[in-house]
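Contents: one structure, followed by commentary.
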Amino acid sequence: MIPLDWKRYQLSQLINKALSLAKPIPFDYSWRDFTDNLLPPQRMTTLPHEDWVSSVSCRIPQHFLTAAYDGHIRLFDYSQKTIRDVPAHLAPVTSVCVVPSQDSIDGSVVVASASHDLTASLTRISLEPGAVEPYQALASLHLHTSPLSSIASDHTGSSLLTASWDHLIGFWDTKIPLEDEVAADTGDRKKRRKIGGVSEAEQPKRKAPTTVLKSHTARVSQALFAPGSNQKAYNCGFDSTVRTWDVESGVCMDTITVPERPMLDLAITPDGNTALASSTDRTVSIFDLRSPSLSSTTDTLVHPSTPSCLVCPGTHSNPSNVAPLTPASAPQIVTGAHDGIARLWDLRSTKSAVASFKAWDGTMKILSVDWVGEVVGVGGEGGVEVWRVGQGDWVSTK
């Protein structure tokens, strides 16, 4: 029996006593469950850009990687200094990711990017301040006939997925060929330019996909590998579906259909059991991938504005050149919306966000979020902001 006038402090004391914890934990209370009491999000720094930032990554230790509508990829250190400014594409860059590597060259990372110029690229970027060769264009990926929406690497860095407005998904290996795998037509030859002062013979090699995944009937928004796999993938699109693929055979194994809910972004929880898809109807749909019937949502996260992006921390492995992610945050996600607000959600209590924070001033849209440890990177129309967000383990009283 608990007195009706008890507040959070008394309830927290009771749970600590019941659990016989050696070190007290300040618990917060929500219906039927207890969670760690999170500190309010704190703005750490801003990274100004002259154009919209479509993608941000916190995966490189002590650095932030961004992609912008001016076609450039930029690398910043924690002191806000621009370490690298790479003219990677001839049109807006829509997505960027770090390609993990266990045998990477010291002081460098390989980055994959996707663009409106109908190509994706692999670029090696040096992290050393005085590097003789600050960056090197390794390969360009050629398949799509419409702008690309996203690019993602598997946990080993051996495979990539591209998604495009042309309804197609490309499955690629990351090996750099000795010769072009795709011939350049006249228009492409005119577009090929010197990157980093290299000669024509040293231009990035043109790669062809290993497999093309065909099933969507509208724009594909996002494609991701299943956690810990480079053979199973998930993707979502404007045809209101989430699809599961065997990427090697190119076979669509399952389809989740939610009528009239065009999907903008997708995330898979680290255990691979749950998919989350943001939609133009201002919701994030939650799907149980273990269910034999994948025809309906298990829950939704309702937003006052369109949630354009979301991220689940802990969805990748921890190779030597990529920052570790915190398994304790597995039940939590961060979403970014067109109202300029990022929201932290706990999937065990979905009625409202656990915390929220406003990026920039005015009504500038958030286009990308990433989350590593306690650091959340927010990219969009106002550039990039970096926030510190506390995390907590979930303790259930059920």
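The values are calculated or read from the model by the stated rules, or taken from the named source; none is laboratory data. These figures come from a predicted structure and were not determined experimentally. Backbone-built Cβ (ideal geometry, glycine too); neighbour counts: all protein chains shown. These accessible areas exclude ligands, DNA and RNA; they are computed on the full protein's heavy atoms, side chains included. Shrake-Rupley method; radii C 1.70, N 1.55, O 1.52, S 1.80 Å.
In table form, for the structure just shown:
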quantity	calculated
Mean-position separation - Cα centroids, the range 60-94 and the range 230-276, in angstrom	29
Subset of Lys23/Lys358; Lys81/Lys365; Lys175/Lys214; Lys81/Lys207; Lys214/Lys365 violating a 26 Å alpha-carbon distance limit	Lys23/Lys358; Lys81/Lys207; Lys214/Lys365
Proximal charge balance of Phe287 [Cβ under 11 Å; K/R count +1, D/E count -1]	-2
Per residue value of the accessible surface for the range 22-175 (all protein chains in place, 1.4 Å probe), Å²	42
Sequence ranges 246-258, 61-73, ranked by mean other-Cβ count within 10 angstrom, highest first	61-73, 246-258
Estimated FRET transfer efficiency (Ala208, Glu260; beta-carbon r; R0 35 Å; 0.05)	0.45
Extension gain (nm, one decimal) between Ile15 and Ser291, 0.36 nm per residue minus Cα-Cα	96.1 nm
Label point distance in nm, Ser305-Ile25, each placed 7 Å from Cα along Cα→Cβ	3.4
Value of relative contact order over the range 29-185, rounded to a whole percent, pairs C-alpha under 8 Å and six or more apart	14
